[in-house]
Every structure is written in structure tokens, then in C-alpha cells.
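Everything on this sheet refers to the single structure shown next.
The values are calculated or read from the model by the stated rules, or taken from the named source; none is laboratory data. As the structure is a computational prediction, the values presented were derived from the model and not from experiment. In this analysis, Cβ positions are derived from the backbone assuming ideal geometry, glycine residues included, and neighbour counts consider all displayed protein chains.
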Amino acid sequence: MALKAPSVGFSGDHQAISDLFDFERHRVSSQLFTDPALHRLELERIFMHTWCFVGMESEIAAPGDYVARSIGADPVIVARDDDGTINVMLNSCTHRGTQLCMTDSGSANSFKCPYHGWDFNRKGHLIGVPAEAFRFGDSSPRSRGDADLRVARSATYRGLIFATWDDNPPSLEEYLGDARWYMDAVFGASDKDLIAVGKPQRWTMPSNWKYGSENFTGDGYHGPSSHASMTELGIFNEATVRFFLEGVQATDERFGHSVSHFNVPRTSGMELEGDKLLQMLYSWLPPTVLGEVRKNLTPEHLSVLEQGDIAAIGTVFPNFSWVMQPTPGGPLSLLRTWIPVEASLTEVWTWTVGHPDSPPELRRAGARMNSTLFGAGGVIEQDDLTIWARMQLARKGFAARTQFVDYSCSRPANRDGYFPDGSAFPGPGTVRLGATGDDTMWQLLVQWHRLMTQSAAA
Ligand code: FES
Ligand SMILES: [Fe+2]
């Protein structure tokens, strides 16, 4: 049984955390994003209890394949075993805690610790101890039962692997909740699951992880200002930028997940319908699988797609996001995690995703568009990172500690009048028409509050 570690630092006290929220006016204290002790509490109360994205099935397609990832601040090995099962194990030797696996990815029969040579199989069982009889006599670590690696629960959804340390979590499907309907539209349209194209890129940003998670729920309001460079450079035109302002937002308020639909064809002035529209919306799919889209999606999904709307951007609480949308220049299809390293330091991971049957030129087009806009040096990425870094600096001072930041643009939940005939938007969750309100971001913070005040120990 795992020992309980006490909380440290900032009042783990629930009232003190609630005092950081102004629920009436939808404002929160800057300290939510800057306080190191709150960050420690987040790792314990949020990242130990939620399903976190750790990779794509295609990254570990064959038995023995593994990738090294993180759940919150904990490094994990995500490995495929001979029987096809996926095991997610704490990447820390049970002898003295050394990081076992030092490479990002590869194929291995077992994981041997570089310090004294303890060896663990792909299920996390300790299988080899140098000089075991000599050192340990009858008390062999292999038979003691307390020297295996800690294994997280893991599950997959449409080729995406999630893991959690929680002992009694809801199933992954239950946890994804209403987000599933929207994820199905982008990740479940073809018969085959999407795959990672190349290796993920990663970099650090000197700001808090929640800026990324909240922004990717659909901060449409920031687009025309933060990303004015896109129009100045001629990558987007004035009309295209309107997609930041139009659209539909949906939230599962039980879990804090949100999705935003954007309508790139309409806001780009394109009159497309039928297969041409579908091909543009699913620009990362090869045309040969478009028939599968009609077969796999529900009539409700298809009715939304026929309007030109796609679930372009979203965040599954706490730190998994995607951008899946067409642009006038090609497909944008990427996954994100925002790994909390410190209160003011986040490791950003980004994967280009594509279809296994895509011709190489289509995969390259996707990788190029993702890199150009959302890579480490991407135009959109740099706009956001620069602002988030300055936001972090501006919130860290002592005067700023008393400042509450604003999420007060709340719009009434309303799904009516979405279609030209006046009928309602068919997707689940709390739905709002338009993509400029703060509700999706506010709900992410409400969920943060719920978890931070509901359990005191892992
Ligand atoms: S720390 Fe791993 S074998 Fe000693
Ligand atoms: Fe942005």
C-alpha cells in the first residue's frame, strides 16, 4: 500500500483555496498561476487523480516499443508488452529511485537501472537483481512484492493513450464524458485510428500550464489581437480571423473539458458543400477514406459538418489539448500536452497526427503547417508564448498577488437557432453559440477548484 505523504506549503486548507475565487464575478487570484506551493498541491490533488494523455498507440505499435512521458511531474514509461497490452510505469527504480529509462523512445525487452543494475520487465516487475543471493540472502527483493514499479491504470480512446494514478477512477470513457462526441468527430471519423507523424516536438515555456489548457478550450477573444501578425504577414486575411469570433463552444461541466468549433470555410469565404466541404474539413485525411466519415459519424455530427463547423480545438482536463482544423494553406492536425514542471515552467509537447494511409506528401503538408504555425518556432505559438511569459512575469510580483484576473464574459447556455432553419445544435454538454466568451476557461478553473478542495491526499 502506498504511504501517504503530507501536503506542503500554501494552505492546503480548502477555505484558503476557495478564497482565491470570486465565484460571483468569475474572477480568480493571480496566485492560482504563480504560487509554488499551490503548484505542489495541484500535482497531488489534480494530476494524481485525473486521466492524463501519455501518447498515441501508433508510437508503441510493436511489442517492446516504449516511450518516456510524464503524468504531472512524474516521469513514466509507456510500454507495449508481448500480448499487446500497454503498461504505464513510474520511471523510477525502486532500489534508490534512479530514472530507469533515459531515452525518449525505443524498443526494449526490459528496463535495466543504470545505477546498480536492477532489471524490470515491461509490466514493471523486478526480474533481475545483481548479486541478489549474496546481498539479500533469503529476503530477495524479487519475492518481497514491494520492489515492483508503481503501475498506473491506462486505457485508450481512438488511438489516444491515457493513464491515471487514481485507485478508483471512473472509466476513461466515463471521464471523457461529453467530450467524446466531439473527439469522435475529429479522431473517430475514419475506420483506422490516426497516428503520430514523426516524433513529438517539445520545448519549455516560462509560464503556468493552465494558460495553455485554458487557451485551447477556445479563447476566441485573443485571436484578432494576439495573432494580428497572421494577417500582417498575409497568412490569414481579415475574413479568416473571424473564425476566432464565430463558432460554437461546448463544455462538460462535470469534468471541465471544453471544445470550440470554428468555421474556416465560411469565414474564408469558401462556398463548399458535399464531398468538397468534407474534404476541406478533414484535410488531414486522404480522399480515399471520405466514405468512412459518412459511415462512422452520426447524422448529428454530419449535420454540423455540413454547416462547415468542426471541433477545431479542445482541452480534456487537465492538460490534453488538440487543434484539428483546416486552414487555407493546408491541414492543421496536432495534439498537445502541457506538462507542469514548476508554477512558472511548463514543458509543451506537440504531436502532428495523420492517417496511416495518407500519402507522404499529405503527411508532410500537415507536419509543415503544424511546424509553421504551432511548432517551437511557429508563428502562432510564438505569439502565445511571448504573451504567456509576460503574463507570468506580470503576475508574479507582490502587488500582483492581490490582483484577481477576469473571466467575466459569461454567455447564457444556448443551443437554439444554430441551423438556418432555427433548430438547435445537436452536440452534448453545455453549449454556447459564439467563441468569444470566457465560459470554457472559467469552467476549467471551476473544475480545478473542485479537485483542489475535494481530496487532501493521494
Ligand atoms: S538505484 Fe536502481 S539499481 Fe540501484
Ligand atoms: Fe493563440
### Message
Take residues that are closer than 30 Å to Val431 by Cβ and tell me which of the helices (runs of 4 or more DSSP H) falling wholly in region 83-190 contain 1 or more.
### Response
172-176, 179-187
### Query
Which pairs do you get when a residue that is closer than 22 Å to Arg158 by Cβ and touching a residue at least 12 places away in the same chain (Cβ under 8 Å), found in region 352-370, comes within reach of a residue that is among the hydrophobic types (A, V, I, L, M, F, W, C) and assigned to a helix (DSSP H, G or I), reach meaning Cβ atoms under 6 angstrom, with the pair 6+ apart or on two chains?
Thr352/Ala367
## Note on the structure
If we ask which residues in region 92-120 are within 15 Å of ligand 1 (Cβ to nearest atom) and either touching a residue at least 40 places away in the same chain (Cβ under 8 Å) or not polar (S, T, N, Q) (or both), their number turns out to be 19
## Note on the structure
Filtering region 226-282 down to residues that are over 14 Å from Gly434 (Cα atoms), of a type in the set (Ser, Thr, Tyr) and in contact with an Asp or Glu (Cβ under 8 Å, 6 or more places away or on another chain) yields Ser226, Ser229, Thr231
### Summary
Counted residues in region 198-214 being surrounded by fewer than 21 Cβ atoms within 10 Å (Cβ to Cβ) and either within 14 Å of ligand 2 (Cβ to nearest atom) or in a helix (DSSP H, G or I) (or both) come to 0
### Query
Could we say that Ala435 is over 22 Å from Ser190 (Cβ atoms), buried (at least 21 other Cβ atoms within 10 Å of the Cβ) and within 15 Å of ligand 2 (Cβ to nearest atom) here?
yes
### Query
Can you name the condition, by its number, that Arg390 falls short on among (1) within 16 Å of ligand 2 (Cβ to nearest atom); (2) within 22 Å of the chain's Cα centre (by Cα); (3) in a helix (DSSP H, G or I)?
(2)
### Query
All but one of (1) buried (at least 17 other Cβ atoms within 10 Å of the Cβ); (2) away from ligand 2 (no atom under 11 Å from the Cβ) hold for Gly234; which doesn't?
(1)
## Note on the structure
In region 419-434, anything closer than 22 Å to Tyr221 by Cα, part of a loop (DSSP other than H, G, I, E, B) and modelled with pLDDT of 95 or more is listed as Phe425, Gly429
### Query
Is one or more of the residues making up region 204-223 farther than 30 Å from Tyr407 by Cβ and touching a helix residue (DSSP H, G or I) at 6+ places or on another chain (Cβ under 6 Å)?
no
